[in-house]
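**Q** Before we start, here is the structure in question, set down as structure tokens.
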């Protein structure tokens with residue numbers, strides 16, 4: 001297969017690079033990232049990537065880095081989501097992070113002027129209609145919405161813009177119980193071990209509908225509702241159980257509420273292993289790590305290893321990242337900021353099925 005040149009902007013720990021490696025592509029790879037810990041993680045995985053630095057200084061790359069934009073065959077970018085997300089402040093390109101989409105456009109336009117055949121894939125979150133229309137007009141393309149829940153144990157809707165056709169992947173039926181560890185370090189436990197008092201028992205007659213996933217034409221719940229179920233493990237934290245079963249189509253099984261932490265209600269939610277995890281974030285403070293029920297009235301937070309599994313990282317990749325000397329807080333952050341690996345592989349496979357890159 002012909003060697004290709006790839007460029008990944010806002011690359012983070014560089015899941016795009018992981019995907020091309022998993023597909024066995026021969027690549028000359030370039031990356032733009034400013035987070036030193038994400039770069040440290042990426043370097044622990046691949047030693048043949050050229051790092052170009054801050055993408056807002058892209059117009060210096062030719063002279064200072066010797067970078068040839070015209071040789072780029074494929075461009076990836078997961079441009080910052082905070083300014084566009086329904087969960088953010090929704091300032092769009094009035095937010096400095098949102099304004100980076102224009103730098104992306106400048107780079108893409110420059111590459112296209114030199115290589116009109118360049119392929120691209122951009123990713124971002126679900127956003128309000130006004131922003132979606134704005135982004136679509138900037139790119140000149142409409143996205144495909146894919147929920148990572150089809151390929152992993154995480155409910156994570158993302159938009160993918162590309163200049164090749166992307167279809168929906170088949171549901172693999174992966175649940176939290178398939179990715180959680182039986183034994184975890186006690187650091188993922190609470191300092192409080194008091195017995196829970198009060199609350200209701202779970203409905204023992206409710207049967208899980210965890211494998212029901214909405215198609216892209218229907219609305220999947222952003223706030224996940226509950227059912228019953230118990231995760232494996234021994235790390236315990238007190239929680240209050242729910243007695244209200246969810247709608248049958250719920251992907252995440254919210255079964256309890258934490259009683260030992262100060263956090264907003266969403267971050268107190270505890271999930272059964274019979275369903276999916278909610279969408280993981282950068283998890284920086286505020287008890288934002290997803291929480292799983294491990295006993296009748298106890299819970300623990302998911303570990304960085306488990307969160308990486310939620311993003312579909314292979315065990316080999318996970319082991320290298322865990323041994324790269326990076327703190328748990330930074331591992332959580334780079335994982336939450338990442339693409340979902342099997343979704344990127346799925347999308348790229350459809351490009352390969354067209355005969356690319358041998359038909360360049």
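**Q** Could you run through the range 332-360 and say how many residues are crowded, with 22+ Cβ neighbours inside 10 Å and free of Cβ contacts under 8 Å to residues at least 60 places away in the same chain?
**A** So the count comes out to 1.
**Q** If you scan the range 227-270, which residues turn out to be over 24 Å from residue 172 (Cα atoms), in contact with a helix residue (DSSP H, G or I) (Cβ under 6 Å, 6 or more places away or on another chain) and at pLDDT 70 or above?
**A** Result: 257, 258.
This table checks each residue for (1) under 20 Å from residue 8 (Cβ atoms); (2) surrounded by fewer than 16 Cβ atoms within 10 Å (Cβ to Cβ).
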residue: 106; (1), (2): yes, yes
residue: 116; (1), (2): no, yes
residue: 119; (1), (2): yes, no
residue: 130; (1), (2): no, yes
residue: 133; (1), (2): no, yes
residue: 136; (1), (2): no, yes
residue: 141; (1), (2): yes, yes
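**Q** Got a sec? Which helices (runs of 4 or more DSSP H) wholly within the range 271-360 have at least 2 residues that are closer than 29 Å to residue 170 by Cβ and in contact with a strand residue (DSSP E or B) (Cβ under 9 Å, 6 or more places away or on another chain)?
**A** 304-310, 341-352
**Q** If you take the residues in the range 1-38 that are under 18 Å from the mean Cα position of the chain (by Cα) and more than 15 Å from residue 339 (Cα to Cα), which one is modelled with the highest pLDDT?
**A** Once the filter is applied, the top-ranked residue is 37.
**Q** Also: When you go through 146, 107, 111 one by one, which is the residue that is modelled with pLDDT of 95 or more, assigned by TED's automatic domain parsing to the domain that holds residue 346 and not in a helix (DSSP H, G or I)?
**A** Exactly one of 146, 107, 111 is modelled with pLDDT of 95 or more, assigned by TED's automatic domain parsing to the domain that holds residue 346 and not in a helix (DSSP H, G or I), namely 146.
The values are calculated or read from the model by the stated rules, or taken from the named source; none is laboratory data. Every value quoted in this text rests on a predicted model; they were computed, and no experiment measured them. Counting neighbours? That spans all protein chains shown, and the Cβs are built from the backbone with ideal geometry, glycine included.
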